[in-house]
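> Before anything else, here's the structure in question.
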Amino acid sequence: MAQVMAVFKSIVNFYKMNVTRENIDALNATVRIDIDKADYEEKVEKKLREYRRTASIKGFRPGHVPVQMIRKMYGTTVLIDEVNNIVSETLSEYIKNENLDILGDPIPKNDGHIFDPEKSDQFSFTFELGLAPEFEVNLNKKHKLTRYLIEPDTKMIADSIDSYTRRYGEFITAEAAEEKDMLKGIIESSDGSVKNDAATLSVEMVKDEEIKNSFLGKQAGDTVEFDLRRAFPNDYEIAGLLKKQKDEVKEFQGQYSIQIMEISRFVPAENNQELWDKVYGEGTVKSVTEFEAKVTEEIREFFNRETEYKLRTDARDLALAKTAFELPEEFLKRWLLRVNEKTTAEDIEKDFDHFREDIRWQLIKNRVAKDNEVKITDEEILGEAKAFTRAQFAQYGLQYVSEEQVTSFAINFLKNEEEARRIAEKVLDTRVLGLLIDAVRVDEKRVTPEEFNKLFGNK
């Protein structure tokens, strides 16, 4: 067991510490920091003088409290704080100066050296370190990935157009009920014990075909009687129909009636200029053919995003599979237990495989980025933030927001430091995965959407 001795001179502070590192193995080490009175005495005295100038103690004017009283009241607390500060700074600087690539954070180790100012003016602190492994990422043209190609078919295009017509459709008042209509009216039981004056009944949701047919053709003002449980066997449906809690309707059954006050029918928008302007902006599309082409382009872009995501995921998996190295797993488990107060050792064991994969990928990503001198620019970060912003707008049906609005939202979004770090990490992921994909052979394969979805299902 090799032992490396090092004496560290702090750049920041005017003290000298004895720092000793013991390499347990390639992935684990301990660092011991020995502190003498001379290392902290001046700092402690300075802090106590500050306390004396500002202390508010009954019977004494500020700045005139006896030194011994200040020392008795605050001496131990100040000493502990200053020693802890010195240890923290020393350890941090030592790790930096020695170029130690550590995982997690140093863990204090109880090795018999007790921090007790009442018994000694010399202290020792020992910390466990988990060291990052040495490895290389060697993907090359012998390794293969597949880029899947999906072309939209006629049904997909028709379904997307239908989705747009429904999105911009509207409800109208109909004269006679049809299967997909909503009936608004007064529902009550035959004995009058249950009544809802503002009920909405979906004809399509009626389970019994005979009862369903009894609603067809009815008009406002008509009354239809029906068996409640035959029409709606589900307690949730009955509760919604009668505006009751689910537990309240368990015993509800028998004959009910609805007096129809209004028949509401959903009518999809027509596939015309008005619809095209609503979807893509005024004048962008001017014919059915252009509309279909635009929809086809959207579907193709969606598939391209999905297949590129699959390719990047496969590249990540390939790098993980072909890059072998060990981790200081026991250290990492202890560290995880220490930094997650509400987590048990059993929880850590259960989730450790996932954590191991994440940290292995982080190390591989950093190695590839370092080897290829990858530098993330502000422009790349802003570009990714803008792409994220556009996706957020699209979720709310706002596909064509101005560039100025997108940029403004993205800039404000990046003011959140946590979100900015997440965006930067995503950019780094994309850059590194691009390098890995370029390093290997990529074959193309045409698949149907169903075949592609199965690939995801097997992941």
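> Which condition number does GLU151 fail, the rest of (1) outside the structural domain of VAL447 (by TED's automatic domain parsing); (2) out of contact with any Phe, Trp or Tyr (no Cβ under 6 Å at 6 or more places or on another chain); (3) surrounded by 13 or more Cβ atoms within 10 Å (Cβ to Cβ) being met?
(1)
> Would you check if there is a residue in the stretch 300-312 being within 24 Å of the chain's Cα centre (by Cα), crowded, with 18+ Cβ neighbours inside 10 Å and under 29 Å from GLU417 (Cβ atoms)?
Among the residues of the stretch 300-312, at least one is within 24 Å of the chain's Cα centre (by Cα), crowded, with 18+ Cβ neighbours inside 10 Å and under 29 Å from GLU417 (Cβ atoms), which makes the answer yes.
> Please find, within the stretch 267-297, the residue that is nearest to MET182 (Cα to Cα) out of those that are of a type in the set (S, T, N, Q) and in a loop (DSSP other than H, G, I, E, B).
Only one residue tops the list, namely ASN271.
> Quick test for you: out of ARG312, ARG305, pick the one residue that is part of a helix (DSSP H, G or I) and touching a Gly at 6+ places or on another chain (Cβ under 9 Å).
After ruling out the rest, the residue left standing is ARG312.
> In addition: I'd like to check which strands (runs of 3 or more DSSP E) are fully inside the stretch 1-46 and have at least 2 residues that are crowded, with 16+ Cβ neighbours inside 10 Å and at pLDDT 85 or above.
The strands (runs of 3 or more DSSP E) meeting that bar are 16-23, 28-35.
> Now for a different question. Anything in the stretch 169-194 that is surrounded by 15 or more Cβ atoms within 10 Å (Cβ to Cβ) and either under 44 Å from the mean Cα position of the chain (by Cα) or among the hydroxyl-bearing types (Ser, Thr, Tyr) (or both)? List them, or say none.
Residues satisfying the conditions are ASP181, MET182, LEU183, LYS184, SER189.
> Related question: Quick test for you: out of ASP429, ASP358, pick the one residue that is assigned to a helix (DSSP H, G or I), under 17 Å from the mean Cα position of the chain (by Cα), closer than 17 Å to THR307 by Cα and charged (D, E, K, R).
ASP429
> Sticking with this one: Of the residues VAL440, VAL432, only one is touching a Lys or Arg at 6+ places or on another chain (Cβ under 6 Å) and either modelled with pLDDT of 95 or more or crowded, with 17+ Cβ neighbours inside 10 Å (or both); which?
Answer to the selection: VAL432.
> For ASP438, only one of the following conditions fails: (1) touching a Leu at 6+ places or on another chain (Cβ under 9 Å); (2) within 28 Å of ILE359 (Cβ to Cβ). What is its number?
Among (1) touching a Leu at 6+ places or on another chain (Cβ under 9 Å); (2) within 28 Å of ILE359 (Cβ to Cβ), ASP438 violates only (1).
> Let me ask something additional. Restricting attention to the stretch 313-326, which residues are within 24 Å of LYS426 (Cβ to Cβ), surrounded by 14 or more Cβ atoms within 10 Å (Cβ to Cβ) and either touching a Pro at 6+ places or on another chain (Cβ under 9 Å) or among the hydroxyl-bearing types (Ser, Thr, Tyr) (or both)?
THR323
> I'd like to verify a number: residues in the stretch 331-355 that are touching a residue at least 40 places away in the same chain (Cβ under 8 Å) and over 20 Å from the mean Cα position of the chain (by Cα), how many?
Qualifying residue count, the stretch 331-355: 5.
> Determine, yes or no, whether ILE95 is modelled with pLDDT of 95 or more and either within 35 Å of the chain's Cα centre (by Cα) or not charged (D, E, K, R) (or both).
Here the answer is no, as ILE95 does not meet what is asked.
> Let me ask another. Is there a residue in the stretch 210-228 that is surrounded by 13 or more Cβ atoms within 10 Å (Cβ to Cβ), among the polar types (S, T, N, Q) and touching a Gly at 6+ places or on another chain (Cβ under 7 Å)?
Within the stretch 210-228 (the criterion being surrounded by 13 or more Cβ atoms within 10 Å (Cβ to Cβ), among the polar types (S, T, N, Q) and touching a Gly at 6+ places or on another chain (Cβ under 7 Å)), the answer is no, since none of the residues qualifies.
> Quick one: which of TYR94, TYR51 is outside any strand (DSSP E or B), aromatic (Phe, Trp, Tyr) and over 30 Å from PRO328 (Cα atoms)?
TYR51
> Sticking with this one: Out of the residues in the stretch 368-418 meeting the condition of being under 19 Å from VAL279 (Cβ atoms) and among the hydrophobic types (A, V, I, L, M, F, W, C), tell me which one is surrounded by the most Cβ atoms within 10 Å (Cβ to Cβ).
Selected residue: VAL406.
> Name the residues in the stretch 54-76 that are in contact with a Phe, Trp or Tyr (Cβ under 6 Å, 6 or more places away or on another chain) and either aromatic (Phe, Trp, Tyr) or not in a helix (DSSP H, G or I) (or both), would you?
TYR74
> List the number of the failed condition for ASP347; all other conditions in (1) at positive phi; (2) outside any loop (DSSP other than H, G, I, E, B) hold.
Status for ASP347: all satisfied but (1).
> Can you name the residue in the stretch 329-344 that is polar (S, T, N, Q) and surrounded by 11 or more Cβ atoms within 10 Å (Cβ to Cβ) and is also nearest to LEU103 (Cα to Cα) among such residues?
This residue is ASN340.
> Could you say whether any residue in the stretch 350-359 is aromatic (Phe, Trp, Tyr), touching a helix residue (DSSP H, G or I) at 6+ places or on another chain (Cβ under 8 Å) and under 30 Å from THR323 (Cβ atoms)?
yes
> Here is a list: ASP116, ASP162. Which entry is at pLDDT 95 or above and loosely packed, with under 13 Cβ neighbours inside 10 Å?
Matching residue, one of ASP116, ASP162: ASP162.
> Now for a different question. Taking the stated definitions as given, is LEU455 in contact with a helix residue (DSSP H, G or I) (Cβ under 9 Å, 6 or more places away or on another chain), part of a helix (DSSP H, G or I) and at pLDDT 95 or above?
no
> How about the stretch 119-153: which of its residues are within 30 Å of PHE456 (Cβ to Cβ), aliphatic (A, V, I, L, M) and not in a loop (DSSP other than H, G, I, E, B)?
LEU145, LEU149
The values are calculated or read from the model by the stated rules, or taken from the named source; none is laboratory data. Small disclaimer: the values here were computed from a predicted structure and weren't measured. Heads up, the Cβs are rebuilt from the backbone with ideal geometry, glycines too, and the neighbour counts pull from every protein chain shown.
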